[in-house]
Structures are given as C-alpha cells and as structure tokens.
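Working notes, structure below.
The values are calculated or read from the model by the stated rules, or taken from the named source; none is laboratory data. Bear in mind that the values here come from a model prediction, so they are computed numbers and not experimental data. All Cβ positions, glycine included, derive from the backbone under ideal geometry; neighbour counts span all protein chains shown. Heads up: the accessible areas ignore ligands, DNA and RNA and are worked out on the full protein's heavy atoms, side chains in. Shrake-Rupley method; radii C 1.70, N 1.55, O 1.52, S 1.80 Å.
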Amino acid sequence: MRLSRFLALGLAVIGTSFGAGRAVALDVHHTVHHAKTTSKHLTVRHTTHSGTSAATHRVHTSAYSSASLHHTVIARGRRHHFYGERFTASSFAKGDIFAGDITTGEDPVVRQAAIDALGDMNGTAVVIDPSNGRILAMVNQKLALSPGAEPCSTIKLSVALAALSEGLVTRDTPVRLAGFRMNMTDALARSNNLYFEELGRELGFERVRHYATQFGLGELAGYHIEGEQLGEYPTQVLPASEGGVGRMCSFGQGVSMTPLQLGAFVAAMANGGTLYYLQHPTTTEEVMAFSPKVKRTLDIARYVPDMQDGMAGAVQYGTARRLRANFQELPVFGKTGTCSDKGTRFGWFVSYSETPQGSLVTVFFLEGGRPTFGPRAAELTGEFYKNLWDRNYFAEKGTQAHAALQVTSTTSTR
C-alpha cells in the first residue's frame, strides 16, 4: 500500500509541471483505453512495473506550479531529487549581449522596454505586431536568430490546437489521468504533462507533426531576415524508450524551436489565423516601404477562444502568475516552458496582450542555470508590459492610430 502511494505521488508530480530537468526516470507503462469516439472522457491507465522491461520516462517540467507537492519520487527503487541536476551555464549575461544588434528599423520605445526588462539575464526578447508580422524589437539578435532549443512546455499550444482541430476534445472535456480528471483550460494553465502526453498518443505522431509544421515549426519564420537559422521538427517519432510521441507533446523532446517560430505561431493565434512571414526592417526606408507578407492562413479562429481560457489561467493562477506581480492593467494570454539539456536550462514565455489599440506578441527566451525557468521569463514579460505602460505606449499608440484613421477618412472623402 505504501509503495502504491509513492508511485501515485510520482505520477502526480510528473503530471504537474514543477521546475526541473531530465533528472528523474520512472518505470511507468501507459496503456490507453479507447472508448467510443463520441465519448466525453478519455481514460489512461498507468500500470507500474518493477522489471526493467517497462518504459522509462524522463521528467521535464514547465514551472513551479504547486508548492504542496513533495519534491521526491521513487524511481527504480531509489529516491531522486528534482534539484540534483548540475548546471554549467550562467543565467546572467557576460558583456553587452545587445551590442551587435541592428536597431535602425525597430520601435525604440518597445526595444528599450524589452532591454530594461531583461536586465542582466542571459536571454532574448522578440516583440511582434501580430496584425502584420513586423518585428518591433529583437534584442540579443544573435540568440534570437540561433537554431533554437527544445520548446519545453510551449509545445503544448501546438498540441492543444491540433486536438481541438481534430475534434478529439473541447476545452471542457474531462480527461481521466492517474486518479484525477483535467480539462484543457486547467491543463494549459498548470502545464500538465500527463494531459498532453495523452493527447499526443491519441492524435498519433503523423497528425501531431502535420499540425506543428502547418503552424510554422520546422521552417524559417522570417522573410529574408539575415542570419536567421532553422529550428527543426523531426520526421520520425521518438523511440518508445525515450517516451515516444507523448514526450514530444508534453515538452517537445526532439524538437528544436526558435523564438521567431514560436512568435510567428502565436501571432497567428492572436490575429485569428493569419501566419505572416516575420519581417525585421533594418533601415528607415524599409520601415516606410513595409508591406505584410502572408505565408498561409490557418483554420484556427474558432478554437482560439478555447485556448484563451487556459492561457489566461496561466497568467491568473497558473505557471505564469508571476507576470501579474509586475503588470495588472491589461489582459495577457501566455504559456511558460522550462526544461534543460547538457547543463543548460531553458526558460520560455510566449504571450499576446489585448488592448483597445491592438495586440502585441512577446517571446522571452532565457538560457542559463538554476535561476532560469519559465516563470522567470513570465515575470520579465510583466516587467516589459509595465515599462510600456509607464511610458504611455498604449495611449500614444491609440492616439497615433486615431490620427491615421482621420487622415484616411479625410483623403477618401475628397
């Protein structure tokens, strides 16, 4: 009885993202019971095995989501601690990481707000206008244009949209997991790994990959952005010994994603389905001649409200709630991600805001050691929005838009 309680606890810890790297392996075999396709419930049975033939899963986590959870689980008969991983990378910048940036075509207010928010953290921030795909600021461009990194739990956005598009679940469908049930809203807000592993297994690798590539993963996000490198989406599923499609869907193992790819995808969510090529003007002339370039249109508008509840929940009470410590004035919808590889921890937070004057999409991506994780990226995003608010950016943007509308109206009546 005591052993079964420990195993159940271990499963719960995996299911709720809790801020660690690839340190814990549990002998857990997942068997999916398929009910009728019209059923409102999906059921997962977790059978523990003491032998070595059971599948081994590594724990990746996306945030410190529940202080009440125990910090250890029984794995292969031994106790493993989440915080035993050693990090060799520094979370703090060495030198001026913005020195080589090309800034002529950027919005100076947005750029300075992002720089001030990052402070001395080693990372990058990309800010996009989702109405046209223009990059308003890209600070630490060397990192932003790099081949990227494992997307961690931000991959859950792609999986959720795939499941909604396929009619597998709605936002309210309770999915049964390891002794509890959870719907999409709570699963996104709390970054629940078990939930998205189950969706991934139900969808299957081919459908998961189809939607991910439609959303722009695995291809360049920018339009002739010099120096942009390509993140990759694998053509084959992970081996079962590494967690298979479930692990690819809970934290993106095997996937390399760039900040620009993630930003372009979430910009399409923010605008209702238009996936723009991102453009980064580098001269005043390019700014004046800017024209949006559509890559393709995604049939996702009807599903975005289902996603918004969970992304708002992440900010209000879930893994991104640290954002609200810095900024309360406007709605923000977002998703955190935390994982690590070879001694480096990654912290992601992608979001879009909602204002009367339009929306902004932000991607904060951090690299480093123990101080680097998704909730920290969310906190910095809150600082970014606060910086803009304190500079009256949103009010001025509204005034500029109103003036432009008046000029257009006057011109058209002549």
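Shape class for segment 74-208, computed from the alpha carbon gyration tensor (a ≥ b ≥ c): oblate, with a/c not under 1.5 and a/b at or below b/c.
Compute the Cα gyration tensor for segment 259-341, then decide on rounded, prolate or oblate, letting a ≥ b ≥ c be the square roots of its eigenvalues: rounded whenever a/c is under 1.5, prolate when a/b is larger than b/c in the other cases, and oblate in all that remain. Verdict is prolate for segment 259-341. Going by Cα centres, segment 249-312 and segment 87-111 are how many Å apart? Between the Cα centre of segment 249-312 and that of segment 87-111, the gap is 22 Å. Legend: residues 237, 266, 245, sorted from most to least accessible area (1.4 Å probe; ligands, DNA and RNA excluded), read 237, 245, 266.
A probe of 1.4 angstrom, applied to the heavy atoms of all protein chains, finds residue 107 with accessible area near 40 square angstrom. Summing +1 for each Lys or Arg and -1 for each Asp or Glu among the other residues whose beta-carbon sits under 13 angstrom from that of residue 126 gives -2.
Among the GluC sites (Glu not before Pro) in segment 258-333, those located in a DSSP loop and surrounded by at most 16 other Cβ atoms within 10 Å of their own Cβ are 329.
Counted by Cβ distance under 11 Å from residue 374, the other residues give a net charge of +3, where Lys and Arg count +1 and Asp and Glu count -1.
Converting phi to 3J(HN,Hα) with the Karplus coefficients 6.51, -1.76 and 1.60 and the offset θ = phi - 60°, segment 271-287 yields 9, x, x, 8, 8, 8, 5, 6, 10, 10, x, 10, 9, 4, 5, 5, 5 Hz in sequence order, with x at every glycine or proline. Over 30 Å apart at the Cα level, from the set 295/386; 156/293; 142/386; 156/342; 295/335; 293/342, are 295/386; 293/342.
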